[in-house]
Amino acid sequence: MNGAWIDVDLDAVRSNYRSVLGLLHPGARVMAVVKADAYGLGAVEVARTLQGEGCSAFAVTTVVEGLLLREHGIKGVILVLGPADRNELPQALTGRLHLTLSSIAQLEALQDVAEQMEVKAEVHLKLETGMGRTGFSPEELPELARCLQDAHFIKVEGTYTHLARAGQRDQAYTKNQYDQFIADVNVLAKAGIEPRWQHVCNSAGFLDYPEWHLDFVRVGTLLIGHLPGLGFRGRLTLTDPWAARCRIISLRKVPQGTHVGYQSVYRTRRETQLAVIPLGYADGFGVEPRLIPQGLVDLLKIFIKNTALWLGFSLGQDKLTLNGYVVRVAGKIGMQLTVLDVGLQACRLGDVVEVPLRRASANPRLPRRYWSEGRILSERCMKEGFLLLSPEYPTSAE
Ligand SMILES: *Cc1c(COP(=O)(O)O)cnc(C)c1O
């Protein structure tokens, strides 16, 4: 392997899936959410592994993601959670993807295309109960029911909603969402729309509300070895399948007081060694979602964390390890190169550093190596050469 790569342990994914099965309400099935390239791990490899374990339902955000799974031998249900564009519909239907309907306009477009192709479109209705994103509101249900009665090329297989605050200690909002969902399902049933499947739970909902597992639980976070919140510690055994690694590509000894990086925000405090690694924010390193404090305690935590960082302490996420030692980022993380202060410990050019890389933001360009039973099963690489123009691409103004 060259400069930087990601090791993915498929046995860990398997074991996480089994842990989820162990808590599953009888009668419910797992719909494995493998959107965003299975949160960075690799959608095809993760889905294949889970299919091998008996998993027969998957969910992604886009039609393209769904088709990729089909092309690579994933059978069973593949549900597209996001709204599909009209021009993606023919391929989606050919690939027998289940589509989400969340507006009347989408319903009409799909009915048109399915009728032209003379195929039945299989859909799940998304009900808006408090996420504030997509879905039919309670007021739209009568019109939805009316349109569905005439939509002979649409087969409604399921209804679902998405929980906004599952995992929070205050359960009132989540319970309201569930009650709204059940009320909506009943309204649809009265109008003759009675799909065979209902699903509500994401990972946090799955853990907190076993009585809401219904026909499917849509679980992603747990399968990739994360808990959906600190409050869930000890609830099930998860194994982390992910390790981002890279090699030291430059190493030099420097005296005390050496300035490092942009704006010289870092200055060595004693004689030390500086190591350069071929990873930066373009790879997703040091890229964190914007933190919005939920209350004063949270605000205080964010403040303390940032103060600690400023004082030069490494906390949790910011810990890199080299030969078993924790090492620190020196200065600002660059676009593709980052400097580490590795002290005077024995280390050499080419030594491997383990980096805390946020999975869903990890650049797909980083090669993945898939491990099972202590050996590499497969690898996934993208072509180097950042820009591959197709021959049809117009090269001059016409
Ligand atoms: C991402 C997503 C899930 C899975 O959520 P996790 O918390 O990762 O388990 C379930 N349902 C929908 C609609 C999603 O977008």
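The values are calculated or read from the model by the stated rules, or taken from the named source; none is laboratory data. It should be emphasised that the depicted structure is a prediction, and the values quoted were computed from it without experimental measurement. Neighbour counts run over all protein chains shown; Cβ positions are idealised from the backbone, glycine included. Heavy atoms of the whole protein, side chains included, go into the accessibility calculation; ligands, DNA and RNA do not. Shrake-Rupley method; radii C 1.70, N 1.55, O 1.52, S 1.80 Å.
Assorted remarks:
- Extents of the stretch 174-309, taken as max minus min of Cα coordinates on every principal axis and listed largest first, are 77, 36, 29 Å.
- Amide H contacts under 5 Å for Glu128, placed H, 5+ residues apart: Phe136, Ser137
- Estimated FRET transfer efficiency (Ser372, Thr321; beta-carbon r; R0 30 Å; 0.05): 0.80
- Projected label distance in nm at His259 and Ala308, using a 7 Å step from Cα toward the beta-carbon: 3.0
- 3J(HN,Hα) along the stretch 220-230: x, 3, 5, 5, 8, x, 10, 8, x, x, 5 Hz, from the Karplus curve 6.51 cos²θ - 1.76 cosθ + 1.60 with θ = phi - 60°, whole Hz, x for Gly and Pro.
- Label-to-label distance, nm, for residues given as Asp11 and Gln149 (7 Å Cα→Cβ offset): 5.9
- Accessible surface of Lys332 - all protein chains present, 1.4 Å probe, nearest 10 Å²: 100
- Exposure rank, largest accessible area first [Met31, Met131, Met335; 1.4 Å]: Met335, Met131, Met31
- Ranking His162, Leu300, Ala43 by Cα position along the charge dipole of the chain, where only Lys, Arg, Asp and Glu carry charges on their C-beta atoms, puts Leu300 farthest toward the positive end.
- Taking a ≥ b ≥ c as the square roots of the eigenvalues of the alpha carbon gyration tensor, the stretch 1-145 is prolate, as a/c is not under 1.5 and a/b beats b/c.
- Amide H contacts of Gly229 (H built 1.01 Å from N, under 5 Å, at least 5 apart or other chain): none
- 11 Å beta-carbon shell around Gln198, net charge (K/R +1, D/E -1): -3
- Pairs of Cα atoms in the stretch 249-350 fall into 5 Å distance bins, from 0 up to the last occupied one, in shares of 2, 11, 20, 24, 20, 11, 6, 4, 2, 0 percent.
- For the stretch 9-229, averaging the sequence separation of C-alpha pairs within contact (under 8 Å, six or more residues apart) and dividing by the residue count gives a relative contact order of 21 percent.
- Of His226, His162, the order by accessible heavy-atom surface (1.4 Å probe, DNA, RNA and ligands excluded), from most exposed downward, is His226, His162.
- The Cα center of the stretch 135-202 and the Cα center of the stretch 1-56 differ in position by 27 Å.
- Cα long-axis angle, helix 172-190 against the chain (0 to 90 degrees, to the nearest 10): 30
- When only Cα pairs below 8 angstrom with a gap of at least 6 residues are kept, the stretch 127-212 shows a relative contact order of 36 percent.
- Amide H contacts of Gly220 (H built 1.01 Å from N, in plane; Pro and chain starts excluded): Val33, Ser203 sit under 5 Å, all sequence-distant by 5 or more or on other chains.
- Rounded FRET efficiency, nearest 0.05, which uses the C-beta distance separating Met382 from Glu53 and R0 of 25 Å: 0.35
- The accessible-area ordering, largest first, of the residues Lys253, Lys319 stands as Lys253, Lys319, per a 1.4 angstrom probe.
- Between helix 296-311 and the chain there is an angle of about 30 degrees, using the helix long axis and the longest principal axis of the Cα atoms.
- Whole-percent carbon and sulfur share, accessible surface of the chain, 1.4 Å: 53
- Summary value for the chain: 19 percent relative contact order, contacts being C-alpha pairs under 8 angstrom separated by 6+ residues.
- Protection proxy ranking, peptides 241-248, 147-154, average beta carbon neighbours within 10 Å, highest first: 241-248, 147-154
- In the assembled protein chains, Arg48 presents an accessible area of approximately 120 Å² (probe radius 1.4 Å).
- Size descriptor, Kirkwood hydrodynamic radius, that averages inverse alpha-carbon separations across the chain, Å: 23.7
- Fluctuation leader among Asp112, Asp170, Asp215 - the chain, Gaussian network, Cα springs under 10 angstrom: Asp170
- Taken one residue at a time, the phi angles of the stretch 115-128 give Karplus couplings (6.51, -1.76, 1.60, θ = phi - 60°) of 5, 4, 7, 6, 10, 8, 7, 9, 10, 10, 8, 9, 9, 8 Hz. Gly and Pro are set to x.
- Whole-Hz ³J(HN,Hα) from phi, Karplus 6.51 cos²θ - 1.76 cosθ + 1.60, for the stretch 278-287, glycine and proline x: x, 9, x, 5, 5, 8, x, 7, x, 9
- Between 0 and 90°, nearest 10: helix 10-22 axis offset from the chain longest Cα axis: 50
- Straightening the chain between Gln168 and Leu300 buys 45.7 nm, computed as 0.36 nm per residue apart minus the Cα-Cα spacing.
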